[in-house]
1. Rounding to the nearest 10 and keeping the result within 0 to 90°, find how far the Cα-based axis of helix 118-131 lies from the longest principal axis of the chain.
2. On C-alpha positions alone, give me the angle between the axis of helix 153-162 and the longest principal axis of the chain, in degrees, nearest 10.
3. Between ASP135 and GLU181, 0.36 nm times their residue separation minus their Cα-Cα distance comes to what?
4. Efficiency by 1/(1 + (r/R0)^6): what FRET value for GLU206 and GLU146, r their Cβ-Cβ distance, R0 = 25 Å, to the nearest 0.05?
5. What number in nm² do you get for region 125-224 if you take the convex hull of its Cα atoms and divide its surface by four?
6. If N is the number of residues in the chain, what value comes out of its Cα radius of gyration divided by 2.2 N^0.38 Å?
7. Extension gain VAL60-LEU24, at 0.36 nm per residue separation less the Cα-Cα distance, in nm?
8. I'd like the orientation of helix 180-192 relative to the chain: the angle between its Cα long axis and the longest Cα principal axis, in ° from 0 to 90, rounded to 10.
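Taken together, the values in this text are just the output of simple stated rules run on the coordinates, not laboratory data. These numbers were taken from a predicted model, which means no experiment stands behind them. Cβ sites come from the backbone with ideal geometry, for glycine too, and all protein chains shown count toward neighbours.
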Amino acid sequence: MERTRRSLLAGAASVGVVGAAGCLGGGGNGGTDGNNTLETGEYDCDLSEPSDPDLDYRPVLGDPESDVVVQAFEDFTCGHCATYKLEHFPTIREDYIDPGTVRYEHWDFPIRVNETWAVPVASAARGVGARQDTDAFFEFASAAYESQGSYSGEAIGAAAEAAGADPCVAIADAQFAAYEEASTSDKSEGESMGVSGTPTIFVDGEPVDTYEAETIAAAIDEAL
């Protein structure tokens, strides 16, 4: 359930330094070796390796021509990213993205919070977005974050269904880490920008101090 901007701003003050720290990344990209078989649960899937994933796909919302660009680096296994996406991002979307004030970009930054799931969930999300549309990507992302801590093939399938996508195809994207190359490229770009943990938000190339809604909003307002 989305919270109002006023309640978000009131709640953000109580988060403090711990909330601002986010999840810190170590070496490596996180992810599986592609040999782990995902349990599909209620989904009767015959999983086969996806062919020709669109590695150039970038989830973008808002006005693609906006002078103000917001970049969000996230890891689907980071608890702070779940907090950002489920509690703070809806305010930014309502106030700045949907009106077309900014161009908003999602970037993957898989870190060693959970090596098993970071890249597979990111791969499933990208596959949903590339095959459906970017709204579906963000719907999948929110549904996936709600399952954080209990990821499974079935959870990925359910998130895909919630986004109007084929659950078996999404599970296959996760199983074979179909978009790992894209996620790794995103992480390399993030590291070149100084990203060391998630979520990290940039407004016009400048890192925002915290991921709370009012901090991001202030940075956007200053850039306008």
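1. Roughly 90 degrees between the two axes.
2. 60
3. Numbers: separation 46, 0.36 × 46 = 16.56 nm, distance 2.23 nm.
So the extension gain works out to 14.3 nm.
4. Values: r = 31 Å, r/R0 = 1.22.
About 0.25, to the nearest 0.05.
5. Values: hull surface 29.2 nm².
Mean projected area of the Cα convex hull: 7.3 nm².
6. Details: Rg = 16.6 Å, N = 224, 2.2 N^0.38 = 17.2 Å.
Its radius of gyration relative to the 2.2 N^0.38 Å reference: 0.96.
7. Working: separation 36, 0.36 × 36 = 12.96 nm, distance 2.48 nm.
So the extension gain works out to 10.5 nm.
8. 30
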